Amino acid sequence: MTSPGINALKAALPAKAWTQDADMIAPHLVEWREKYFGTTPILLMPSSTADVATAVKICADHGLSIVPQGGNTGLVGGQTPQGEVLLSLKRMTKIREVNPVADAITVEAGATLQTVQDAATAANRKFPLTLSSEGSCTVGGVLSTNAGGNHVLKYGTTKDLVFGVEAVLADGQIFNGLTSLHKNNTGYDLSRLFLGAEGTLGIITAATLKLFAQPGHVTRVMMAVASVTDAVALLTQLRGPALAMFEVMPRIGFAAVTDNFETDRDPFTAVHPWYVLADFEVDNAEAGEALVMPLLEKAMASGLVRDAVLAQSDTQFRALGAIREHMSAGQKFLGGSIKQDITVPIDRIADFFTRANATVQRIVPGCRPVGFGHFGDGNIHYNIAQPASANLAANRDAFLAHWDDISEAIFDIVDSLGGSISAEHGIGIMKRETLAKRADPVKMALLRRVKAAMDPDGIMNPRVMV
Ligand SMILES: Cc1cc2nc3c(=O)[nH]c(=O)nc-3n(C[C@H](O)[C@H](O)[C@H](O)COP(=O)(O)OP(=O)(O)OC[C@H]3O[C@@H](n4cnc5c(N)ncnc54)[C@H](O)[C@@H]3O)c2cc1C
């Protein structure tokens, strides 16, 4: 497909910065779960902020809409174009500066999260954001979705880890908010507007991120518990400055991983209803044992913990972590899955499960809730697998047809508990209508005013969020 705007992009950008080759574009048009499929007239792959600015200015002049894309691991469809120009940041991967004294790292938007973690480690610092998708997701993506992950209870979400951003605005101007200043009270914090904006206000091209001290050692323990109520009670017993991760998995999801992935073994001899994976950041292994063993003894004596495994080697540490990492992939073995990323106040997690489990059973009898995730910050990935059957494939579509009615019923519960319909994945196109329907009207009006002020022609990711 061609048009004056597309021709202008091809003429202005270096040859390597664009393609219309269908084979090269194809992987960018389908996302991880194969839920959203896209189309685009052209894939742009600029390698510099100046080239991004040139591309956006041409799009603005010709009324072409743009969808920015990072690692394409987003789970709400925001990175999948439906006829818009697709702008991938995948060639902008430079680490511009690591500054251990200022505790800051400046990186381009296309660098993967793993690259940032590795660069921080090489400087004996830590960048604490940790997601299962970290080998693929990018700085631009995690900032734009305000990603959460496993360490939020100690370090906060992505928003808490950013000093400032560089971004190309909807008219092609470059906003330079890069700074390592720990204090800077000079008006609205404009960089923060781009955090969680899902590409609707501009394109993040680089960011300065916060670094932290490397812990001397991480003590990892997996514990078996009887119920969600016990998992939450355990959280309150374990919580303290050292607790960096508290992840919970139900038996059905745990078994889907350990039964199907050859490398993942159930570390327990008995079957348990729920599993907790916790990390403690400490000075050394001895300090970790001194902290964790008395906590475990107390929890086991009171019956809160039924069994526990303390990682004794790097291999065991990784093996326990892999089970949690594979929770999403493992659910593919359970057939069709209706997925929710919600959050409720931590003291209401058990209440949520009681109500949600009963509700989904009423809608699809026999369906199998697989609620897992970051209970340490109240975030539940409340997925529902289709009922067990000899022929999952045959019944898959009929089950997935309940996506909307199940989602609405769950959101009603979430709203009544003071929770949020999106904990960490964002709104995208998946929850755009739900947000408009359920959000406070004053909030919705403000979101729309900000969007109109920063992108008056509505060219930046126009189908997403607002
Ligand atoms: C296996 C798996 C596990 C996951 N675990 C977690 C988890 O624990 N916590 C969590 O929060 N998320 C998780 N996710 C979701 C996903 O990894 C995050 O949303 C991630 O932040 C997306 O980054 P990305 O680079 O892939 O962005 P993309 O998917 O490419 O894009 C996501 C959104 O950001 C926009 N965007 C991308 N780059 C830019 C940019 N430079 N400027 C402006 N807008 C941009 C896109 O337009 C889109 O709206 C997981 C996903 C998978 C597949």
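In the range 280-389, counting only helices (runs of 4 or more DSSP H) that sit wholly within it, the ones holding 1 or more residues that are polar (S, T, N, Q), in contact with a strand residue (DSSP E or B) (Cβ under 9 Å, 6 or more places away or on another chain) and at pLDDT 95 or above span 314-325, 349-363.
Can you name every residue in the range 241-269 that is touching an Asp or Glu at 6+ places or on another chain (Cβ under 7 Å) and closer than 24 Å to GLN386 by Cα? VAL257, THR258, listed by residue number. Every residue in the range 31-40 that is surrounded by 13 or more Cβ atoms within 10 Å (Cβ to Cβ) and either part of a helix (DSSP H, G or I) or more than 12 Å from the ligand (Cβ to nearest atom) (or both), please. Once the filter is applied, which keeps residues that are surrounded by 13 or more Cβ atoms within 10 Å (Cβ to Cβ) and either part of a helix (DSSP H, G or I) or more than 12 Å from the ligand (Cβ to nearest atom) (or both), the range 31-40 yields THR39, THR40. Selection of helices (runs of 4 or more DSSP H) fully inside the range 127-198 by the criterion of at least 2 residues being at pLDDT 95 or above, under 24 Å from SER65 (Cα atoms) and within 13 Å of the ligand (Cβ to nearest atom) returns 139-145, 190-193.
From the list THR106, THR80, THR93, THR115, the one residue that fits, being outside any strand (DSSP E or B), open to solvent by less than 30 Å² (accessible area, probe 1.4 Å) and either more than 14 Å from the ligand (Cβ to nearest atom) or at pLDDT 95 or above (or both), is THR80. Among residues of the range 308-328 that are more than 15 Å from GLU247 (Cβ to Cβ), those with a beta-carbon under 9 Å from a residue that is open to solvent by 20 Å² or more (accessible area, probe 1.4 Å) and assigned to a strand (DSSP E or B) at least six positions away or on a different chain give the pairs LEU310/ARG220; GLN316/ARG220; GLN316/VAL309; GLN316/LEU310. Checked against (1) assigned to a helix (DSSP H, G or I); (2) out of contact with any Leu (no Cβ under 9 Å at 6 or more places or on another chain); (3) over 20 Å from GLU166 (Cβ atoms), LYS57 passes all but a single condition, namely (3).
I'd like to know if the range 217-225 contains one or more residues that are among the charged types (D, E, K, R) and open to solvent by less than 10 Å² (accessible area, probe 1.4 Å). There is no residue in the range 217-225 that is among the charged types (D, E, K, R) and open to solvent by less than 10 Å² (accessible area, probe 1.4 Å).
Scanning the range 8-29 for any residue that is farther than 19 Å from ALA111 by Cβ, β-branched (Val, Ile, Thr) and either assigned to a loop (DSSP other than H, G, I, E, B) or in contact with a Pro (Cβ under 6 Å, 6 or more places away or on another chain) (or both) turns up nothing.
For THR19, the conditions (1) open to solvent by less than 50 Å² (accessible area, probe 1.4 Å); (2) in contact (Cβ under 8 Å) with a residue 40 or more places away in the chain all hold with the exception of (2).
From the list ALA390, ALA423, ALA445, which one is open to solvent by 50 Å² or more (accessible area, probe 1.4 Å) and either within 21 Å of the chain's Cα centre (by Cα) or free of Cβ contacts under 8 Å to residues at least 12 places away in the same chain (or both)?
Going through ALA390, ALA423, ALA445 in turn, the sole match is ALA390.
Restricting attention to the range 330-375 and to residues that are open to solvent by 50 Å² or more (accessible area, probe 1.4 Å) and free of Cβ contacts under 8 Å to residues at least 40 places away in the same chain, the residue that is nearest to the ligand (Cβ to nearest atom) turns out to be LYS332.
Restricting to the range 448-466, and then to whatever is on the phi > 0 side of the Ramachandran plot and within 23 Å of the chain's Cα centre (by Cα), can you tell me which residue is most open to solvent (accessible area, probe 1.4 Å)? Looking at residues that are on the phi > 0 side of the Ramachandran plot and within 23 Å of the chain's Cα centre (by Cα), I get MET465. Checked against the criteria, ILE66 counts as at pLDDT 95 or above, open to solvent by less than 40 Å² (accessible area, probe 1.4 Å), of a type outside the set (S, T, N, Q) and under 30 Å from the mean Cα position of the chain (by Cα).
Taking the conditions exactly as written (without any contact (Cβ under 8 Å) to a residue 60 or more places away in the chain and either in a helix (DSSP H, G or I) or hydrophobic (A, V, I, L, M, F, W, C) (or both)), does VAL101 satisfy them or not?
Working: without any contact (Cβ under 8 Å) to a residue 60 or more places away in the chain: yes; either in a helix (DSSP H, G or I) or hydrophobic (A, V, I, L, M, F, W, C) (or both): yes.
Yes.
Is at least one residue of the range 43-56 away from the ligand (no atom under 12 Å from the Cβ), open to solvent by 20 Å² or more (accessible area, probe 1.4 Å) and touching a Gly at 6+ places or on another chain (Cβ under 8 Å)? Yes, there is a match, as at least one residue in the range 43-56 is away from the ligand (no atom under 12 Å from the Cβ), open to solvent by 20 Å² or more (accessible area, probe 1.4 Å) and touching a Gly at 6+ places or on another chain (Cβ under 8 Å).
The values are calculated or read from the model by the stated rules, or taken from the named source; none is laboratory data. Just so you know, these numbers come straight off a predicted model, no measurement behind them. Cβ: placed from backbone, ideal geometry, glycine included. Neighbour counts: every protein chain shown. Side chains included, ligands, DNA and RNA excluded: accessible areas come from the protein's heavy atoms. Shrake-Rupley method; radii C 1.70, N 1.55, O 1.52, S 1.80 Å.
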